[in-house]
1. Name the single residue, out of those in the range A:19-77 being among the basic types (K, R) and at pLDDT 95 or above, that is surrounded by the most Cβ atoms within 10 Å (Cβ to Cβ).
2. Answer yes or no as to whether A:N80 is under 18 Å from A:E180 (Cβ atoms), more than 16 Å from the chain's Cα centre (by Cα) and surrounded by 17 or more Cβ atoms within 10 Å (Cβ to Cβ).
3. Here's a check for you: in the range B:179-195, which residue that is of a type in the set (D, E) and surrounded by fewer than 22 Cβ atoms within 10 Å (Cβ to Cβ) is nearest to the other protein chains (Cβ to nearest Cβ)?
4. Report yes if some residue within the range A:158-172 is in contact with a helix residue (DSSP H, G or I) (Cβ under 8 Å, 6 or more places away or on another chain) and of a type in the set (G, A, S); otherwise report no.
5. When residues of the range B:167-186 are filtered for being of a type in the set (S, T, N, Q) and farther than 17 Å from B:K140 by Cβ, how many remain?
6. Among the residues of the range A:116-140, how many are within 30 Å of A:K95 (Cβ to Cβ) and aliphatic (A, V, I, L, M)?
7. Out of (1) within 14 Å of chain B (Cβ to nearest Cβ); (2) of a type in the set (D, E); (3) surrounded by 15 or more Cβ atoms within 10 Å (Cβ to Cβ), what's the single condition that is false for A:E136?
Number of protein chains: 2
Amino acid sequence: MRGFLIVGNEAFTEPFNLSDLPGAGRMDILCRCVSQALFLSHSIRKRVEVYLLLLGEPDPPKAIRIISDELRRMSPDERNIGGHLRKAVSFKASKDWMEVNSGVYVARKTLRDLLVEVSESYEIYYLREDGKDIREEVTKMKNPLFVLGDHIGVRRAEEDVILEFSSGVLSVSGLSLMAEQCVAIVNYELDRTNI
Amino acid sequence: MRGFLIVGNEAFTEPFNLSDLPGAGRMDILCRCVSQALFLSHSIRKRVEVYLLLLGEPDPPKAIRIISDELRRMSPDERNIGGHLRKAVSFKASKDWMEVNSGVYVARKTLRDLLVEVSESYEIYYLREDGKDIREEVTKMKNPLFVLGDHIGVRRAEEDVILEFSSGVLSVSGLSLMAEQCVAIVNYELDRTNI
């Protein structure tokens, strides 16, 4: 198994306009992360989970969980994925995961709640530009889950929580890449080791 | 310099609905390829060119050229890039490149026209699943341009033309990845060698 947890610092927690995903607290970035994490050409990866933490107005925090093996009727374009996320945030979130579409769940969870939960099944790695080169570490991983931020990165308060749970801080590039590019590269490096 | 040429087998050659990019001959794929080729977090790469070959109805072929160093007012989301492409195909294309926005050009060119043109400045590589591992070849490259197909791949007639011009057939993964993932990985491998 592999997982990704992306922090959407300003991602809207109420239904948003699908024709303006950037205006919804950069929901476009989260959509692209989901796409890059889950999709292959004409198929969906097996055994991948994506967690999105939405911290934007008006009702934060909300968390969305997407389980690749249960997913139906999602396609890799931003607008389609945005439609799934829009539906998810339209529900009143409670402490427990509620399924809003096949393989798509929503709940009210803080970053700490999420990390406590995923640390039961995953080794957690934090992706940050100044981390260790992922290529040196990737062969040692077992059920890794990667935490990363959106265009804003991860704020100090959240970073402190992530570091409590993480097995290491890793970098995928000397350049400052977009979040979804990091996701694509992590998948690529893991694929090469057959994890 | 580095370049990408993506073949859009069914990509519309007339203005299309920005709220249905997949329905426009999978224009969503071309938009994501442009995004992955050109954008970093909060900036645009230097010295990258993207060529899109649109072979869909009603007025093929049309080619779009995007030059990163000249680009203004483009953002990395599909809809924004789609808007630029939509504008480009709304013009009557002629043999020579016509600038439709800063850094975005359109012309009527066949695949052969394009390859003749880019082969003056680039070494051409063809990305195909059964090619040689890019990681073994990447350190030897100088001004590479990568040709790849969309969800349909590259049809036999086009493939024959590409092979006439290409210095090699390369693969980025044992899995069948989406085109934009290939672009992101090529950039990543090139970045690691500082090309």
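1. A:R32
2. Working: under 18 Å from A:E180 (Cβ atoms): yes; more than 16 Å from the chain's Cα centre (by Cα): yes; surrounded by 17 or more Cβ atoms within 10 Å (Cβ to Cβ): yes.
Spelling it out, A:N80 is indeed under 18 Å from A:E180 (Cβ atoms), more than 16 Å from the chain's Cα centre (by Cα) and surrounded by 17 or more Cβ atoms within 10 Å (Cβ to Cβ).
3. Looking at residues that are of a type in the set (D, E) and surrounded by fewer than 22 Cβ atoms within 10 Å (Cβ to Cβ), I get B:D191.
4. yes
5. Adding up the residues that qualify gives 3.
6. Looking only at the range A:116-140, we keep the residues that are within 30 Å of A:K95 (Cβ to Cβ), and these are A:116-128.
Among the residues that remain, those that are also aliphatic (A, V, I, L, M) are: A:116, A:118, A:124, A:127.
Adding up the residues that qualify gives 4.
7. (3)
Here is a yes/no grid of residues against (1) without any contact (Cβ under 8 Å) to a residue 40 or more places away in the chain; (2) touching a helix residue (DSSP H, G or I) at 6+ places or on another chain (Cβ under 9 Å); (3) not basic (K, R):
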| position | (1), (2), (3) |
| --- | --- |
| A:F39 | yes, yes, yes |
| A:V50 | no, yes, yes |
| A:E57 | no, no, yes |
| A:I66 | yes, yes, yes |
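The values are calculated or read from the model by the stated rules, or taken from the named source; none is laboratory data. Everything numeric here is computed off the predicted structure, so don't read it as measured data. All Cβ positions, even for glycine, are placed from backbone atoms using ideal geometry, and neighbour counts span all protein chains on display.
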